[in-house]
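To keep things clear, I will list the structure first and then write my remarks on it.
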Amino acid sequence: DRPIAGARRVSITVGSLPAVREFLRGEQFYRQGSHDSALAHYDQALSHAPAFPLALRRMYQAIAWGAPTSTRYRRWQEYRQMAVGSNRGLGPRDSLIFLADSMRFATDTASDPAAILRNQRGALAVLEEASRRYPDDVEIWYELGEAYFPDLPPIGTRAIPALKAFERAIAADPGYSAAYEHAITLAIQVGRRGIVGMWIWV
C-alpha cells in the first residue's frame with residue numbers, strides 16, 4: 001500500500017529499462033532517507049540514460065542532503081543545473097515541480113533583488129497550484145513546505161503554512177523521511193510536539 005517511487009506520480013519517459021529499474025531502486029532508498037544507497041542507484045540510472053531528468057534531480061537532492069560522495073560525482077549544484085535544463089517530455093505533475101526548481105535556481109543565481117523576489121514568488125505560486133491539482137501528492141506538499149520554510153522576506157517567517165504543508169506530506173505518506181526534517185524544527189517552534197513523537201515511531 002506504499003508507492004514504489006519516492007512520490008506517487010512520476011512520469012518516467014526515458015527509453016531505457018535498466019535506467020528505470022535503477023531509478024526505482026534508488027527511490028525506495030530515497031524515501032527511507034538512505035541517501036547514500038539511493039545515490040548509487042541514481043548514478044547507475046544515469047550511466048544508462050545520462051539525460052534522465054528525474055535521476056538528475058534526485059542526484060542533486062541526495063548529495064545536497066549530505067549523502068557520502070566520492071570524486072566520481074559532480075557537485076550537487078551541477079546536477080541541479082543539468083536537471084533544470086532537462087525539463088523535456090515530462091508529464092504535467094513533474095513539469096510543475098521542474099518549473100518551480102528552475103525558478104528557485106534562478107533565484108540562487110540572480111543578483112537583482114527584483115528578480116530574486118519575482119522568482120521566489122513564482123516558485124511558490126507554481127507549487128501552490130500543484131498542491132491544488134495533486135492534493136494527495138507527498139512530494140508536492142514537501143516541496144511546498146520547503147518553499148515556505150526559508151527565512152527570506154517576504155516569504156520567510158511563515159512557520160504555520162510551512163508546517164501544515166509538511167504535515168500534509170506526512171499524512172500522504174508517513175514513511176517519506178524527508179518531510180520530517182524541517183517539520184520537527186517548526187513543530188518545536190510553534191509548540192506542537194506530536195509530530196516529533198511520530199518521527200521517532202517511524
For a Förster distance of 41 Å, can you work out the FRET efficiency between the beta-carbons of Arg132 and Thr109, rounded to the nearest 0.05? 0.90
Counting only protein heavy atoms and using a 1.4 Å probe, what share of the accessible area of region 21-134 belongs to carbon plus sulfur, as a whole percent? 50 percent
Rounded, prolate or oblate, given the Cα gyration tensor of region 70-148, with a/c below 1.5 counting as rounded? oblate
Residue-span extension gain [Leu17 to Gln77] - 0.36 nm each, minus C-alpha spacing: 18.9 nm
Net charge, Ile97 excluded, C-beta distance under 9 Å - Lys, Arg +1, Asp, Glu -1: -2
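The values are calculated or read from the model by the stated rules, or taken from the named source; none is laboratory data. Worth saying up front: this structure is predicted, and the values here are computed from it rather than measured. In this analysis, Cβ positions are derived from the backbone assuming ideal geometry, glycine residues included, and neighbour counts consider all displayed protein chains. With ligands, DNA and RNA removed, areas are computed over all heavy atoms of the protein, side chains included. Shrake-Rupley method; radii C 1.70, N 1.55, O 1.52, S 1.80 Å.
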